[in-house]
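S.K.: Structure incoming, see below.
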Amino acid sequence: MKGDTPPAAAASDGLLERTFRLSEHGTSVRTELLAGLTTFLTMAYIVFVNPSILADAGMPRGAVFVATCLVAALGSAIMGLYANYPIALAPGMGLNAYFAFVVVQGLGFPWPAALGAVFISGLCFLIVTLTGLRAIIVDGIPRAMRIAITVGIGLFLAIIALKNAGLVAASPATFVTLGDLHRPDVVLAVSGFLLVAVLSARRVRAALLLSILAVTVLSFAVAGNTFQGIVALPPSIAPTLFALDIPGALSGGLLNVILVLFLVELFDATGTLMGVANRAGLLTEGRMDRLDRALMADSVAVFAGSLLGTSSTTAYLESAAGVEEGGRTGLTAVAVAVLFLACLFFAPLAEAVPPYATAPALFYVACLMLRELADLDWDDLTEVIPACVTALLMPFTYSIATGVSCGFITYAALKLLTGRAREVKPVVWVIAAIFLFKFVVVGGAH
């Protein structure tokens, strides 16, 4: 009969139904695939931004591009197939900047040792997930400090973006000052930011990606950029594959770095997973039924990223865009994984993207991260002051770790000195003591 479904298509639909329980979630293959495309378009900018940032750490840009695509595909596929959530993963914004500009450039560690630190932090993440310590740690960290870490990373991204755009420059009198607004690259960066803001306000899904591509195209005409093609076979990943130096991370004084990576990965992953699942209506009595599976997928992706050659991987809040389009199961994440694999053949385009083309996307992401400040309890100074110390010291010391360290120490000290020590959970005392010890013995947190 003409209306019959072909046997192959029926078998395929049956397999997808059994794997992802589509009907149970009130969705269809078509809806899930469109949701995957939407999520991919909102986060595809990472294949341009991540290689650009990690290249500043001395890492081979082509190899990082391949590692970015592969780990995003792997992490998203595991999330979809193992945890069955419509949540995509990729190297995290903020963590890549911390890796390149603080650990490598600031502290002087070689990038293989920094990859070793990423690996160890992923191991810690895996251990706390398997043992159930994750819930104790997450519940023990004050909400104000979680907000402060997010906001501080946003401010840190902002100063990096403004520097890459040429909008701020060094000044012997004031430390920083306004850059040269007559330079073509600065004009393009400002135009790119306005473009991404306008497109986002108009709810265009691929706003960040379109902004990056538009500035890159214009850079060939007015900023002296050179065209290297669009499609080609993927570059070799050999320069970064298994290049991590775990002994170097353990012996090189990177304990503080590992702790910061672990804390940020933990809060970022948990917060994003809960937020996206809530939007998708996938919470049961305020909890995710398969949160441990989702966190397992995230920790495996962190491992894989360090082995392939990229900074920490995490769940992406942009997954909410796919959820808005109806994505409810892991098929959405699997679709994202397939699209990231397809990106492997666009390496020449990624190589041609200049830093001032990705800077507007960085700055826009930074702006969005600042909205968390509204959730602080501004009437409680013992909560607000440590949060502000955390957020402000990150950009002004050019170090996420320093901001986190000073924030936890300030939080513990204020609660103790105001007679409210009982409000502080044990995990905060432990973290504050570790950071204080590092300050006293080593002389800095970085």
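The values are calculated or read from the model by the stated rules, or taken from the named source; none is laboratory data. Just so you know, these numbers come straight off a predicted model, no measurement behind them. Don't worry about glycine lacking a Cβ; one is built from the backbone with ideal geometry, like all the others, and counts go over all protein chains shown. Remember, those area values only see protein heavy atoms, side chains included, never the ligands or the DNA or RNA. Shrake-Rupley method; radii C 1.70, N 1.55, O 1.52, S 1.80 Å.
S.K.: Suppose the filter is in a loop (DSSP other than H, G, I, E, B) and within 22 Å of the chain's Cα centre (by Cα); does L233 pass it?
M.R.: Judged against the criteria, L233 is not a match.
S.K.: Evaluate the following for V430: is it over 30 Å from L194 (Cβ atoms) and aliphatic (A, V, I, L, M)?
M.R.: yes
S.K.: Something else about it: Which condition does E265 not pass, out of (1) open to solvent by 50 Å² or more (accessible area, probe 1.4 Å); (2) over 19 Å from G327 (Cα atoms); (3) of a type in the set (D, E, K, R), if it passes all the others?
M.R.: Going through (1) open to solvent by 50 Å² or more (accessible area, probe 1.4 Å); (2) over 19 Å from G327 (Cα atoms); (3) of a type in the set (D, E, K, R) one by one, E265 breaks only (1).
S.K.: So, one more: Name the one entry in L208, L195 that is open to solvent by 50 Å² or more (accessible area, probe 1.4 Å), touching a helix residue (DSSP H, G or I) at 6+ places or on another chain (Cβ under 6 Å) and assigned to a helix (DSSP H, G or I).
M.R.: L195
S.K.: Looking only at region 99-144, count how many residues are under 30 Å from D377 (Cβ atoms), in a loop (DSSP other than H, G, I, E, B) and free of Cβ contacts under 8 Å to residues at least 60 places away in the same chain.
M.R.: Adding up the residues that qualify gives 1.
S.K.: Considering only residues that are touching a Phe, Trp or Tyr at 6+ places or on another chain (Cβ under 7 Å), open to solvent by less than 20 Å² (accessible area, probe 1.4 Å) and of a type outside the set (S, T, Y), which ones fall in region 119-136?
M.R.: Once the filter is applied, which keeps residues that are touching a Phe, Trp or Tyr at 6+ places or on another chain (Cβ under 7 Å), open to solvent by less than 20 Å² (accessible area, probe 1.4 Å) and of a type outside the set (S, T, Y), region 119-136 yields G122, F125.
S.K.: Can you pull out every residue in region 398-425 that is over 30 Å from V176 (Cα atoms) and buried (at least 24 other Cβ atoms within 10 Å of the Cβ)?
M.R.: none
S.K.: Would you be able to say whether some residue in region 388-404 is at pLDDT 95 or above, of a type outside the set (S, T, Y), touching a Gly at 6+ places or on another chain (Cβ under 7 Å) and part of a helix (DSSP H, G or I)?
M.R.: yes
S.K.: In region 161-180, which residue that is surrounded by fewer than 24 Cβ atoms within 10 Å (Cβ to Cβ) and of a type in the set (A, V, I, L, M) is nearest to the chain's Cα centre (by Cα)?
M.R.: Selected residue: L162.
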